[in-house]
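A.B. asks: Dumping the structure here so I can ask a few things about it.
The values are calculated or read from the model by the stated rules, or taken from the named source; none is laboratory data. Computed from a predicted structure; not experimentally measured. Don't worry about glycine lacking a Cβ; one is built from the backbone with ideal geometry, like all the others, and counts go over all protein chains shown.
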Amino acid sequence: MSDSETTPQSLVGLLNRLAEPSDPPPVSMMPETWGWAVLGLALLAITAAACLVLFRRYRANAYRRQALRELNERASDATDVARILRRTALAAYPRHRVAGLTGDRWIGFLNETANAPLFRGAAAESLKTSPYRDAAVQDDLIATARRWIRTHRREVSPS
């Protein structure tokens, strides 16, 4: 045989002699290093911890949601507002610190725990005198009570 018989003479002849390549193996979805698995577990743990903190905060503030709901539904006079504020304070602070407060000491306690003097003027006076005489509820008193319920600092009990 001569060289001219074994070697194709055209480009088409060369292309016909090429073999089809085999398919590559499928790509694995498993990460190749352990670092990705550790990172995934760390992110899962952080997400679980954040959810737990948010759930505990939600449960710890149930008394606030209940007080706001009562304030919106049943605050027909200043006595109702005073009662709701007293129950909210008893839920957030130790009984010995709240139960005996009346008058100016009660208003001082509310202002101190709100970090601002919220109860002043007519709102403070109607709140002080409401247990002793019927007083019409004022929009200012309800707005102030609502703000105190939302913003007061809860006393953290040692666990």
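A.B. asks: Just need a number here: residues in segment 111-136 that are modelled with pLDDT of 75 or more and of a type in the set (D, E, K, R).
C.D. replies: Of the residues in that region, 4 qualify.
A.B. asks: Somewhere in segment 55-66, is a residue touching a helix residue (DSSP H, G or I) at 6+ places or on another chain (Cβ under 7 Å), in contact (Cβ under 8 Å) with a residue 60 or more places away in the chain and on the phi < 0 side of the Ramachandran plot?
C.D. replies: To start, the set of residues in segment 55-66 that are touching a helix residue (DSSP H, G or I) at 6+ places or on another chain (Cβ under 7 Å) comprises 63-64.
Next, from what is left, pick out any that are in contact (Cβ under 8 Å) with a residue 60 or more places away in the chain: 64.
Keeping just the survivors that are on the phi < 0 side of the Ramachandran plot gives 64.
Among the residues of segment 55-66, at least one is touching a helix residue (DSSP H, G or I) at 6+ places or on another chain (Cβ under 7 Å), in contact (Cβ under 8 Å) with a residue 60 or more places away in the chain and on the phi < 0 side of the Ramachandran plot, which makes the answer yes.
A.B. asks: Looking at R87, R83, R64, R56, which is the one that is more than 22 Å from the chain's Cα centre (by Cα), at pLDDT 90 or above and within 19 Å of R154 (Cα to Cα)? Give the steps one after another, and end with the answer.
C.D. replies: On the way: R83 fails: at pLDDT 90 or above; R64 fails: more than 22 Å from the chain's Cα centre (by Cα); R56 fails: more than 22 Å from the chain's Cα centre (by Cα).
Residue meeting the stated conditions: R87.
A.B. asks: Can you find, within segment 35-76, the residue that is farthest from R147 (Cα to Cα) among those that are surrounded by 10 or more Cβ atoms within 10 Å (Cβ to Cβ) and among the basic types (K, R)?
C.D. replies: R56
A.B. asks: Can you tell me which residues in segment 48-82 are over 17 Å from S126 (Cβ atoms), polar (S, T, N, Q) and in a helix (DSSP H, G or I)? Can you show your working first?
C.D. replies: Taking segment 48-82 and keeping what is over 17 Å from S126 (Cβ atoms), we get 48-70, 72-73.
Retained after the next criterion (residues that are polar (S, T, N, Q)): 61, 66, 72.
Residues satisfying the conditions are Q66, N72.
A.B. asks: Do the conditions hold for R147, that is, is it in a helix (DSSP H, G or I) and within 19 Å of the chain's Cα centre (by Cα)?
C.D. replies: Judged against the criteria, R147 is a match.
A.B. asks: Given the conditions (1) at pLDDT 75 or above; (2) of a type outside the set (S, T, Y); (3) surrounded by 14 or more Cβ atoms within 10 Å (Cβ to Cβ), and given that R105 satisfies all but one, which numbered condition is not satisfied?
C.D. replies: Checking R105 against (1) at pLDDT 75 or above; (2) of a type outside the set (S, T, Y); (3) surrounded by 14 or more Cβ atoms within 10 Å (Cβ to Cβ), the one that fails is (3).
A.B. asks: Quick check: anything in segment 83-91 closer than 16 Å to I142 by Cβ, touching a residue at least 24 places away in the same chain (Cβ under 8 Å), assigned to a helix (DSSP H, G or I) and touching a Ser or Thr at 6+ places or on another chain (Cβ under 7 Å)?
C.D. replies: There is no residue in segment 83-91 that is closer than 16 Å to I142 by Cβ, touching a residue at least 24 places away in the same chain (Cβ under 8 Å), assigned to a helix (DSSP H, G or I) and touching a Ser or Thr at 6+ places or on another chain (Cβ under 7 Å).
A.B. asks: Would you confirm whether or not segment 10-26 contains a residue that is modelled with pLDDT under 90, more than 21 Å from A124 (Cα to Cα), surrounded by 10 or more Cβ atoms within 10 Å (Cβ to Cβ) and not aliphatic (A, V, I, L, M)?
C.D. replies: yes
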